[in-house]
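Report on one structure; see the data block that follows.
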Amino acid sequence: MDLNQLDIFVNIVDNKSFTKTAKQLYITQPTVSAHVAALERELGVQLLVRTTKEVAPSEQGEVLYQYAKQILSLRNSAIRAVKE
């Protein structure tokens, strides 16, 4: 699991869409899907429930989402602190 995968995952949950996330992050939708698939393989759980209209976190995905937001926030705080 790396920070890039967590960032993509959080964006998908926030946007409720792989396509919107890809556009927002300036990457392709298949790349977004590949990152999520790798994360799900590594953790051995389904993180997202996909429907034809939107995407939502599974129960395990919601747990990861909460931690991922904290991890990414801490990363951003560290970057700001180092730059000051």
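See the values below:
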| item | result |
| --- | --- |
| Meets criteria (farther than 14 Å from Met1 by Cβ and either touching a residue at least 60 places away in the same chain (Cβ under 8 Å) or over 13 Å from the mean Cα position of the chain (by Cα) (or both)) for Thr21 | no |
| Among (1) in contact (Cβ under 8 Å) with a residue 12 or more places away in the chain; (2) within 18 Å of Asn11 (Cβ to Cβ); (3) of a type in the set (A, V, I, L, M) - the single one Val45 does not satisfy | (2) |
| Residues being part of a helix (DSSP H, G or I) and not small (Gly, Ala, Ser) - total across the range 21-50 | 15 |
| Filter pass, Val36 being β-branched (Val, Ile, Thr), exposed (fewer than 13 other Cβ atoms within 10 Å of the Cβ) and modelled with pLDDT of 95 or more | no |
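The values are calculated or read from the model by the stated rules, or taken from the named source; none is laboratory data. Since we're looking at a predicted model, the values are computed, not measured. Note: ideal-geometry Cβ built from the backbone for every residue, glycine included; neighbour counts use all protein chains shown.
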